[in-house]
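Peer 1: The structure that follows is given in the form of structure tokens.
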Amino acid sequence: MLSHAHPRRRIAAVLAAAGAIGLTAGGCESLKTGARLTPQPPDAAAQAPPAPKTPGKHWLRVSQYVFYSDARLDPADPLFRELEELPEQIQSELSLPPG
């Protein structure tokens, strides 16, 4: 009985199958759900504010660290002394070989 199916039904079935294949081939983009992000025109990048400058008026080297700042840093600050001793403290607490 299937071999003698009506030609219009057969055409409809083929079209339905082709439509289903077309939708799955397009993936989620074919459903058009949610808001789409529109690409910015090239002029929008030129209108962006300039990036802030990095600090660099003053610098201070403490052990293996270098600090850059716009304000003067006190090399005698206890925080810098702690940072200077930190590698040795880690080495001793973890019992790491010198190196």
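Peer 1: Dipole magnitude of the range 56-99 about its Cα centre, charges +1 at Lys/Arg Cβ and -1 at Asp/Glu Cβ only, in debye to the nearest 20?
Peer 2: 260
Peer 1: Report ³J(HN,Hα) in whole Hz for each residue of the range 59-64, in order, from the Karplus equation J = 6.51 cos²θ - 1.76 cosθ + 1.60 where θ = phi - 60°; Gly and Pro get x.
Peer 2: Per residue, the Karplus-derived 3J(HN,Hα) values read 9, 9, 9, 10, 6, 9 Hz.
Peer 1: Near the amide H of Val62, under 5 Å away, which other amide H atoms are found, from residues 5 or more places off or on another chain, if H is placed in the peptide plane?
Peer 2: Sorted by chain and number, the residues that satisfy this are Phe67.
Peer 1: What distance in nm separates the simple spin-label points at Leu96 and Ile11, each placed 7 Å from Cα in the Cβ direction?
Peer 2: Simple spin-label model gives 7.8 nm for this pair.
Peer 1: Oh, and also: Report the label-to-label distance for Leu83 and Ala20 in nanometres (one decimal), using points 7 Å from each Cα along the Cα→Cβ vector.
Peer 2: 6.5
Peer 1: Under 14 Å from the Cβ of Leu83, count the other residues' Cβ atoms, weight Lys and Arg +1, Asp and Glu -1, and hand me the total. Don't skip to the answer; put the middle values down first.
Peer 2: Working: positive: Arg61, Arg81; negative: Asp74, Asp77, Glu82, Glu84, Glu85, Glu88.
Taking every other residue near Leu83 into account, the sum is -4.
Values quoted throughout were computed directly from the atomic coordinates according to the rules given, and no laboratory measurement underlies them. Please read all numbers here as calculations on a predicted model, not as lab measurements. Every residue, glycine among them, receives a Cβ derived from its backbone with ideal geometry; neighbour counts consider all protein chains shown.
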